[in-house]
1. Give me the pairs: first residue in the range 218-240 and assigned by TED's automatic domain parsing to the domain that holds V135, second residue at pLDDT 90 or above and part of a loop (DSSP other than H, G, I, E, B), beta-carbon distance under 6 Å, and six or more apart or on different chains, which are they?
2. Can you name the residue in the range 263-289 that is out of contact with any Lys or Arg (no Cβ under 7 Å at 6 or more places or on another chain) and surrounded by 19 or more Cβ atoms within 10 Å (Cβ to Cβ) and is also farthest from V168 (Cα to Cα) among such residues?
3. Could you grab me the full set of residues in the range 131-167 that are modelled with pLDDT of 95 or more, in a loop (DSSP other than H, G, I, E, B) and open to solvent by 10 Å² or more (accessible area, probe 1.4 Å)?
4. Would you mention how many residues in the range 184-203 are modelled with pLDDT under 70 and either more than 18 Å from S252 (Cα to Cα) or open to solvent by 60 Å² or more (accessible area, probe 1.4 Å) (or both)?
5. Can you go through W343, W362 and tell me which one is within 16 Å of ligand 1 (Cβ to nearest atom), of a type in the set (A, V, I, L, M, F, W, C) and open to solvent by less than 20 Å² (accessible area, probe 1.4 Å)?
6. In the range 312-369, how many residues are β-branched (V, I, T), assigned to a loop (DSSP other than H, G, I, E, B) and without any contact (Cβ under 8 Å) to a residue 24 or more places away in the chain?
7. Quick check: anything in the range 302-311 in a strand (DSSP E or B), within 16 Å of ligand 2 (Cβ to nearest atom), of a type outside the set (D, E) and buried (at least 16 other Cβ atoms within 10 Å of the Cβ)?
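The values are calculated or read from the model by the stated rules, or taken from the named source; none is laboratory data. In this text the structure is predicted, and so the values were computed from the model without any measurement. When we count neighbours, we look across all protein chains shown, and the Cβ atoms used for this are built from the backbone with ideal geometry, even at glycine. With ligands, DNA and RNA removed, areas are computed over all heavy atoms of the protein, side chains included. Shrake-Rupley method; radii C 1.70, N 1.55, O 1.52, S 1.80 Å.
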Amino acid sequence: MLHKFEVEVYLNVLKKFIKNWPEWDQFEQAVLKLKETNDSAGISKILKEKYINLKEYLRGMLNVARQLANSKVNQIKMEENRYDNHSVVMEVEATRQQLNCLFYRQPLDKNVFNLTTDFKLGLHNSKMLTLESIVNWWGVEIEIRIKADNKFIIYKHRNLHRLKHMLVNKKLASETRKVTDLNEQILVKPERKNSTQILREHILKYFEKLLKSDKNSKWRSVLDTLKNILLNDLNSVPKTLSIPCDFRRYISKNKYIRYLYQDVPNEKKDEGAENFDLQLEEIVSPMCEFQMRTSGKNANTDISFEDAIKIICTDCRLTFTGANFVCDVLKHFSDDHNEEPDWNCLKCNRVFTMPSLTHMGWTHTCDVS
Ligand SMILES: [Zn+2]
Ligand SMILES: [Zn+2]
Ligand SMILES: [Zn+2]
């Protein structure tokens, strides 16, 4: 079936080329001459002949037009299919700060994107973040070198919270959402050759050694925080690990939701703005990935805590290690990454600030079962 765009193109082609048919004059003159002699057999012969010529001529023009229109027709059909699907998918590359205030609630000059470079929500939380919070923040990677007799076990833990985004107009009735608990099951990459078998209790024992050698308990709270992360990860894996290994798991069974938006500046709203309250719905499923590796490199030398632990801000590509790393990490995240709108539990609707939610490892006692 012809698309309506094609019909329009072909109709215009026919109209134009019927007029421009090069045999019109010749045809007219011949018919006039035959009329004078009353040669009706001749007239019907020339009508038949010219009719065929005209048809051939127009068919040729239509074929050329079809070829020229083809790619445009396909493009139009594709676009229409996309809109017929109802869910329009858009890909946006943005930093966390940009994403948090990417959309205006109402169109401004027919545009809903906040294209200013000033990505501040005015929500900056001046309270310092805790290390417990930061280890659960997004874009954070932890690396610990655990001394194990003649080698190091290198443990890497990375937060990879799953996000689902949808732009909604809050002025329209919204659909009800089905809430499911997150499956805490672990995903494991297939076992590799040349693996080292190790009991997970032994890994913990090696880690405890690190705790014991902290004589003045200067690092006590830091090591406890990291131990909790390690414990939670190890509790979710088999008793015997084959290193190298990779795991991924949901940190919590709860999902959280929030709405991101930017108010339009200075009341200069477009006409019809009252029909819009655009907000970016964001649902998070807190998730982490962790891995164990072994390394024999420099395994005979002792390693200090400061150097055994690394915290990496993957957004900024900054690595924190060494004597002042805790101070530096707290300052970096409190200064640069602590402007986050609050979250609601998707089930019980309770409100949490991001610092408090991450401090609790994305969990809470949910009233709704
Ligand atoms: Zn973990
Ligand atoms: Zn950073
Ligand atoms: Zn809840």
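1. Note: pairs meeting the criteria are I229/V135.
2. Start the filter on the range 263-289 by keeping residues that are out of contact with any Lys or Arg (no Cβ under 7 Å at 6 or more places or on another chain), which leaves 265-269, 271-274, 280-281, 286.
Remaining after also requiring surrounded by 19 or more Cβ atoms within 10 Å (Cβ to Cβ): 280, 286.
Numbers: L280: 6, P286: 22 Å.
Of everything passing the filter in the range 263-289, P286 is farthest from V168 (Cα to Cα).
3. N136
4. So in the range 184-203, the residues modelled with pLDDT under 70 come out as 184-192.
Adding the requirement that they be either more than 18 Å from S252 (Cα to Cα) or open to solvent by 60 Å² or more (accessible area, probe 1.4 Å) (or both) leaves 184-185, 187-192.
Adding up the residues that qualify gives 8.
5. On the way: W343 fails: within 16 Å of ligand 1 (Cβ to nearest atom).
Only one candidate passes the filter, namely W362.
6. Residues of the range 312-369 that are β-branched (V, I, T), as a first pass: 312, 314, 319, 321, 326, 329, 351, 353, 358, 363, 365, 368.
If we keep only those that are assigned to a loop (DSSP other than H, G, I, E, B) too, we end up with 314, 321, 353, 363, 365, 368.
Right, trim to without any contact (Cβ under 8 Å) to a residue 24 or more places away in the chain and you get 321, 365, 368.
Residues in the range 312-369 being β-branched (V, I, T), assigned to a loop (DSSP other than H, G, I, E, B) and without any contact (Cβ under 8 Å) to a residue 24 or more places away in the chain: 3 in total.
7. First pass over the range 302-311, keeping only residues in a strand (DSSP E or B): 309-311.
Next, from what is left, pick out any that are within 16 Å of ligand 2 (Cβ to nearest atom): 310-311.
Subset that is of a type outside the set (D, E): 310-311.
This time we only want the ones that are buried (at least 16 other Cβ atoms within 10 Å of the Cβ), so: 310-311.
Yes; the residues of the range 302-311 include at least one that is in a strand (DSSP E or B), within 16 Å of ligand 2 (Cβ to nearest atom), of a type outside the set (D, E) and buried (at least 16 other Cβ atoms within 10 Å of the Cβ).
Condition check ((1) more than 16 Å from ligand 2 (Cβ to nearest atom); (2) assigned by TED's automatic domain parsing to the domain that holds L223; (3) closer than 24 Å to C101 by Cβ) across all residues:
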{"position": "A323", "(1), (2), (3)": "yes, yes, no"}
{"position": "V326", "(1), (2), (3)": "no, yes, no"}
{"position": "V329", "(1), (2), (3)": "no, yes, no"}
{"position": "F333", "(1), (2), (3)": "no, yes, yes"}
{"position": "W343", "(1), (2), (3)": "yes, yes, yes"}
{"position": "K347", "(1), (2), (3)": "yes, yes, no"}
{"position": "V351", "(1), (2), (3)": "yes, yes, yes"}
{"position": "M354", "(1), (2), (3)": "no, yes, yes"}
